[in-house]
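This report refers to the structure that appears directly beneath it.
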Amino acid sequence: MPREYAMLTLVANGCIMLLLIFWHCTIGRRRMASGRGVVPPWEEASAAPAFVKDKIKAAAKALFDQIASGTVSYGSRLPSERDLAEELALTRDATRQVIDFLESYDVVRRRPNSGTFVAYRAKPAPKLGATRLTTDGLLDISAIVDAASPFEFTIVRSIVEPEMVRLAAMYMSASDLRNLSRLAQRLVEIVTEAAEFAELEREFLLTVSTGTHNPVLISMYSVVDAIRRQPEWLRIRAQTLTPSRLTDERNKLQSLYEALAARDVETAVEFMKLIVADENDVVVARG
């Protein structure tokens with residue numbers, strides 16, 4: 001019983017984090033629905049930036065507007081220095097100065113051997129306003145679904161899905177496993193149809209969530225699934241599934257199914273972590 005309680009506590013903490021991340025995301029996106037209305041941090045500073053040319057500040061403002069509007073989302077990687085120089089119509093040296101300037105105000109952050117990533121998020125609005133409900137009186141998650149960025153999505157998955165798999169390995173019924181087996185078999189049969197694979201992958205993981213038989217977790221995971229069902233998300237996922245990558249993903253999902261069927265909790269969790277980590281790498285690489 002103590003072990004089961006610990007597992008449920010981990011999942012509950014993950015669910016709370018899921019709500020907090022999406023809540024923050026929703027407020028932030030509402031506030032910066034028009035990025036041009038957000039004041040850059042250097043204009044709010046008490047002291048004006050010294051020895052920075054106007055053209056550098058103008059280019060920094062143009063890039064900041066893209067970030068504040070969500071065109072370039074939080075956590076995503078900026079284009080290469082050469083591509084940015086072309087986009088901003090600057091020399092490579094001037095582009096470097098723009099990045100240095102933005103980094104000094106925590107708008108972007110360099111990562112050695114990885115690139116430059118967006119670190120800025122708008123401050124939450126003081127008040128959220130009235131809670132939106134559906135006609136059935138349930139929480140309306142449409143704003144969450146529309147606002148979530150790929151980076152935020154992978155963070156939530158990394159929190160929730162490994163513990164979801166842990167519970168599924170413990171509680172999936174024979175009927176649950178038969179349903180999952182059918183989906184796993186259909187995934188094995190897909191060779192190059194990336195869009196079909198992306199849809200079946202979504203259905204596979206949703207089946208795992210229902211196999212936990214935990215109503216709270218199932219409800220929380222429905223938010224993740226709602227995001228996955230968006231045409232744009234399915235399109236992005238399909239684009240990343242090259243034939244070789246599709247084969248690799250298919251093998252990992254098959255291994256995940258085998259671990260669940262064998263009630264091998266720790267192996268199932270490790271495969272789920274590997275799946276999420278690999279997808280996160282793709283998100284980072286796409287920038």
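Quick look at the numbers
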quantity	calculated
Around P79: net Lys/Arg minus Asp/Glu count, Cβ-Cβ under 11 Å	-2
Summed residue charge, Cβ within 9 Å of I99's Cβ, Lys/Arg positive, Asp/Glu negative	-1
14 Å Cα-Cα reach of K61 towards aspartates and glutamates, excluding residues that sit fewer than 8 places from it in its own chain	E43, E44, E87, D100, E103, D106
Two-site label geometry, D281 and E81: point separation in nm, points 7 Å out along Cα→Cβ	2.6
Difference of contour (0.36 nm per residue) and Cα-Cα distance, D225 to R110	38.2 nm
Portion, in percent, of the accessible area of segment 157-255 that falls on carbon or sulfur, probe 1.4 Å	56
Environment charge at T116 (Cβ cut-off 11 Å; Lys +1, Arg +1, Asp -1, Glu -1)	+2
For segment 193-287: rounded, prolate or oblate by the Cα gyration tensor [a/c cutoff 1.5]	oblate
Accessible area in square angstrom per residue, segment 182-259, 1.4 angstrom probe	45
Sequence ranges 56-68, 101-113, ranked by mean other-Cβ count within 10 angstrom, highest first	56-68, 101-113
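The values are calculated or read from the model by the stated rules, or taken from the named source; none is laboratory data. Note that the coordinates shown come from a computational prediction; the quantities given were computed from them, not determined experimentally. Counting neighbours? That spans all protein chains shown, and the Cβs are built from the backbone with ideal geometry, glycine included. With ligands, DNA and RNA removed, areas are computed over all heavy atoms of the protein, side chains included. Shrake-Rupley method; radii C 1.70, N 1.55, O 1.52, S 1.80 Å.
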